[in-house]
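Asks: One structure is given below, represented as structure tokens, and several questions about it will come after.
The values are calculated or read from the model by the stated rules, or taken from the named source; none is laboratory data. On a predicted model such as this, the values are computed, not experimentally measured, just so you know. Virtual Cβ from ideal backbone geometry, glycine too; neighbours counted across all protein chains shown. These accessible areas exclude ligands, DNA and RNA; they are computed on the full protein's heavy atoms, side chains included. Shrake-Rupley method; radii C 1.70, N 1.55, O 1.52, S 1.80 Å.
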Amino acid sequence: MIALYRIALVAARELRAERRQPDGVVAAVTFIAVLVLLESLVVGPQIARDADVASALFWLALAFATILATMRSFDRELEDDALEGLVALPGGRDALFGGKVLALAMVLVLVATVGGILSLVLLDLPVALPVHLIVVVLLGVLALPPIVIVDVVLALRLRARAALVPILALPVLVPQLVAATRGTSAALSGDAVGALSWAGLLFAFSVVYTVIGLTIVPAAIE
Amino acid sequence: MRTVQSGASLHDATVVLDDRVILRAVNVVVGPGLTLVRGPNGSGKTTLLRALAGLVPLARGDRRLAGDVLYIGHRPMLLRGLSARENLEFFARFRGGDTRAIDGALRAWGVGEDMDRPVERLSAGERRRASLARVEAERVQVLLLDEPFADLDEAGAVRLRQTIARARDDGRSVVVATHAHPELDDLAKARIALDDGDATAA
């Protein structure tokens, strides 16, 4: 119980700081908005409205947005050694990962909502199964932060982490991105069974990577 | 099995960072009262405190602790985007303590009027004061303070000396690493001299 309370405290602290210094959210939302706009201009309306293409670009943009938001979150922690202040607390190491995942998932829900609405409106995408779409997007958003946080923590003390984190994170994000893209595409085109199958896989990714993060991060942060 | 009555201790502790030995087979037992850690720059003072706080891995030896530790390092360790009050409330709640002492502690340290401003808008000295207010707000048994006089003006230094004296009188274990500030000598119960990773009782 105390562990969950501490995770909630870390998440609340993170969200409060993000609200006051929303650089991570602003960067992520701007990035996803620009990508959606460029997509429709570059490939033309016919190709851009293809469910597979629109889904793939949405999730690619969200993957980069996750990396941006996570790196900004840890950059803020490194200023004035705030991260060390948290890690020095009893149970701080264990609460760090859970709190960050929770807070970043909430931030990404906001980013995905803005990006999703922009995609639907600008590309005039038809949505055959809206509830399935929401389930796939939510589970897809939950599947992204755990492994990105692990990568950022592993690269935390490296000078070149801004370049290294995307290189480390993107290959391991491929399975989640494929599942999220296929699930979104299925929900857009009316394949209920396909959408739910991919949603189940996304849930499994979330659980596996969360367990990995809970195991690795407390030791790696040392 | 040996137990520690109070405070913190390192036994035969060696710390290696970036293939360099920073602490070499150090034996330190910190009990109630003030312990001063002295030594020139680069002698391992910060690493000794971080080892006591459990913030660096020991290549050899072990660390024992009785009670919670409050470690305040070179920098204030406050999260930007939050106010001083919000930062201190977070720390107190995380430890499961109450937050009633926070306002009083921040006022006592002269940050009362600025306690609701985001910490990035405070001066370095004000951030340091807000950080040191944790000593009074969190009431932790073992205090590890690394160069706590940095960024403080004369009034802040006097306030810090009073705070350390009060913590010592309350029976808390206080470890202060500093290469200066001889005015603490008369408060100290024990002294540790560090030289190139070797610790000796001074």
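Asks: Taking the conditions exactly as written (within 27 Å of A:ARG13 (Cα to Cα), surrounded by fewer than 21 Cβ atoms within 10 Å (Cβ to Cβ) and small (Gly, Ala, Ser)), does B:GLY67 satisfy them or not? Please lay out each step first, then the result.
Replies: Working: within 27 Å of A:ARG13 (Cα to Cα): yes; surrounded by fewer than 21 Cβ atoms within 10 Å (Cβ to Cβ): yes; small (Gly, Ala, Ser): yes.
Criteria met by B:GLY67.
Asks: Please find, among B:ASN41, B:ASN27, the residue that is part of a loop (DSSP other than H, G, I, E, B), among the polar types (S, T, N, Q) and open to solvent by 60 Å² or more (accessible area, probe 1.4 Å).
Replies: On the way: B:ASN27 fails: part of a loop (DSSP other than H, G, I, E, B).
Just one listed residue meets the conditions, B:ASN41.
Asks: Just to be sure I understand, how many residues within the range B:64-82 are of a type in the set (Gly, Ala, Ser) and more than 9 Å from chain A (Cβ to nearest Cβ)?
Replies: Initially, the range B:64-82 is screened for residues of a type in the set (Gly, Ala, Ser), giving B:66-67, B:73, B:81.
Next, only the ones that are more than 9 Å from chain A (Cβ to nearest Cβ) stay: B:66-67.
The number of residues fulfilling the criteria is 2.
Asks: Here's a follow-up. For the range B:48-57, what are the residues that are more than 7 Å from every other protein chain (Cβ to nearest Cβ), free of Cβ contacts under 8 Å to residues at least 60 places away in the same chain and over 26 Å from B:VAL119 (Cβ atoms)?
Replies: B:ALA51
Asks: May I pose another question? Given the range A:58-148, what helices (runs of 4 or more DSSP H) lie entirely inside it while holding 1 or more residues that are closer than 28 Å to B:ALA133 by Cα? Lay out the reasoning, then the answer.
Replies: Values: elements: A:82-87, A:92-122, A:130-143.
It comes to A:82-87, A:92-122.
Asks: Now for a separate question. Within the range A:1-19, can you find the residues that are closer than 18 Å to B:ARG85 by Cα and open to solvent by 60 Å² or more (accessible area, probe 1.4 Å)?
Replies: The answer is A:ARG16, A:ARG19.
Asks: Oh, and also: Select from the range A:189-222 the residues that are closer than 30 Å to B:VAL56 by Cβ and not aliphatic (A, V, I, L, M) and write down the one among them that is modelled with the lowest pLDDT.
Replies: Taking the range A:189-222 as the starting set, the residues that turn out to be closer than 30 Å to B:VAL56 by Cβ are A:209-222.
Subset that is not aliphatic (A, V, I, L, M): A:209-210, A:213, A:215, A:218, A:222.
On the way: A:TYR209: 93, A:THR210: 94, A:GLY213: 93, A:THR215: 93, A:PRO218: 90, A:GLU222: 74.
Across the range A:189-222, the extreme among qualifying residues is A:GLU222.
Asks: Which members of the range A:40-55 meet the condition of being touching a Ser or Thr at 6+ places or on another chain (Cβ under 8 Å) and over 18 Å from A:ILE117 (Cβ atoms)? Let's see the steps before the verdict.
Replies: Step one: of the range A:40-55, the residues touching a Ser or Thr at 6+ places or on another chain (Cβ under 8 Å) are A:48, A:51-52, A:54-55.
Residue satisfying the conditions is A:ASP52 alone.
Asks: With respect to B:LEU34, determine if the residue is aliphatic (A, V, I, L, M), more than 14 Å from chain A (Cβ to nearest Cβ) and either part of a strand (DSSP E or B) or buried (at least 21 other Cβ atoms within 10 Å of the Cβ) (or both). It would help to see each step written out before you state the result.
Replies: Numbers: aliphatic (A, V, I, L, M): yes; more than 14 Å from chain A (Cβ to nearest Cβ): yes; either part of a strand (DSSP E or B) or buried (at least 21 other Cβ atoms within 10 Å of the Cβ) (or both): yes.
Yes.
Asks: Grab the strands (runs of 3 or more DSSP E) fully contained in the range B:93-202, keeping just those with 1 or more residues being within 30 Å of A:ILE7 (Cβ to Cβ).
Replies: Numbers: elements: B:142-146, B:173-177, B:188-195, B:198-201.
Here the list reads B:142-146, B:173-177.
The rows are residues; the columns are (1) open to solvent by less than 20 Å² (accessible area, probe 1.4 Å); (2) touching a strand residue (DSSP E or B) at 6+ places or on another chain (Cβ under 6 Å); (3) in contact (Cβ under 8 Å) with a residue 24 or more places away in the chain.
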residue: B:ALA8; (1), (2), (3): yes, yes, yes
residue: B:ASP12; (1), (2), (3): no, yes, yes
residue: B:ASP18; (1), (2), (3): no, no, no
residue: B:ALA59; (1), (2), (3): no, yes, yes
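Asks: Can A:ALA162 be described as touching a residue at least 40 places away in the same chain (Cβ under 8 Å), open to solvent by 60 Å² or more (accessible area, probe 1.4 Å) and more than 22 Å from A:ASP50 (Cβ to Cβ)? Can you show your working first?
Replies: Working: touching a residue at least 40 places away in the same chain (Cβ under 8 Å): yes; open to solvent by 60 Å² or more (accessible area, probe 1.4 Å): yes; more than 22 Å from A:ASP50 (Cβ to Cβ): yes.
Criteria met by A:ALA162.
Asks: Let me ask you something else. Do we find a residue being within 13 Å of chain A (Cβ to nearest Cβ) and open to solvent by less than 50 Å² (accessible area, probe 1.4 Å) anywhere in the range B:102-114? Walk me through how you get there before you give the answer.
Replies: Taking the range B:102-114 first, the residues within 13 Å of chain A (Cβ to nearest Cβ) are none.
No; the residues of the range B:102-114 include none that is within 13 Å of chain A (Cβ to nearest Cβ) and open to solvent by less than 50 Å² (accessible area, probe 1.4 Å).
Asks: Given A:ALA179, A:ALA186, which one is modelled with pLDDT of 95 or more, over 20 Å from the mean Cα position of the chain (by Cα), assigned to a helix (DSSP H, G or I) and buried (at least 23 other Cβ atoms within 10 Å of the Cβ)? I'd like the intermediate steps shown before the answer.
Replies: Values: A:ALA179 fails: over 20 Å from the mean Cα position of the chain (by Cα).
On inspection, the qualifying residue turns out to be A:ALA186.
Asks: Restricting the search to the range A:131-166, which residues are at pLDDT 95 or above and farther than 19 Å from A:PHE205 by Cα?
Replies: Answer for the range A:131-166, where residues must be at pLDDT 95 or above and farther than 19 Å from A:PHE205 by Cα: just A:VAL131.
Asks: Scan the range A:41-96 for residues that are under 15 Å from the mean Cα position of the chain (by Cα), open to solvent by 20 Å² or more (accessible area, probe 1.4 Å) and within 22 Å of B:GLY81 (Cβ to Cβ) and jot them down.
Replies: Residues satisfying the conditions are A:LEU68, A:MET71, A:ARG72.
Asks: Run B:GLY97 past the list (1) away from every other protein chain (no Cβ under 12 Å); (2) in contact with a helix residue (DSSP H, G or I) (Cβ under 7 Å, 6 or more places away or on another chain); (3) open to solvent by 10 Å² or more (accessible area, probe 1.4 Å); (4) of a type outside the set (Phe, Trp, Tyr) and report the number of the one that doesn't hold.
Replies: (1)
Asks: Please find, among A:VAL36, A:VAL43, A:VAL107, A:VAL29, the residue that is more than 11 Å from every other protein chain (Cβ to nearest Cβ) and free of Cβ contacts under 8 Å to residues at least 24 places away in the same chain. Talk me through it step by step, then tell me what you get.
Replies: On the way: A:VAL36 fails: free of Cβ contacts under 8 Å to residues at least 24 places away in the same chain; A:VAL107 fails: free of Cβ contacts under 8 Å to residues at least 24 places away in the same chain; A:VAL29 fails: free of Cβ contacts under 8 Å to residues at least 24 places away in the same chain.
Exactly one residue qualifies, and that residue is A:VAL43.
Asks: OK, next. In this structure, is B:VAL119 more than 16 Å from the chain's Cα centre (by Cα), crowded, with 19+ Cβ neighbours inside 10 Å and more than 14 Å from chain A (Cβ to nearest Cβ)? First the steps, then the outcome.
Replies: Values: more than 16 Å from the chain's Cα centre (by Cα): yes; crowded, with 19+ Cβ neighbours inside 10 Å: yes; more than 14 Å from chain A (Cβ to nearest Cβ): no.
Answer is no for this residue.
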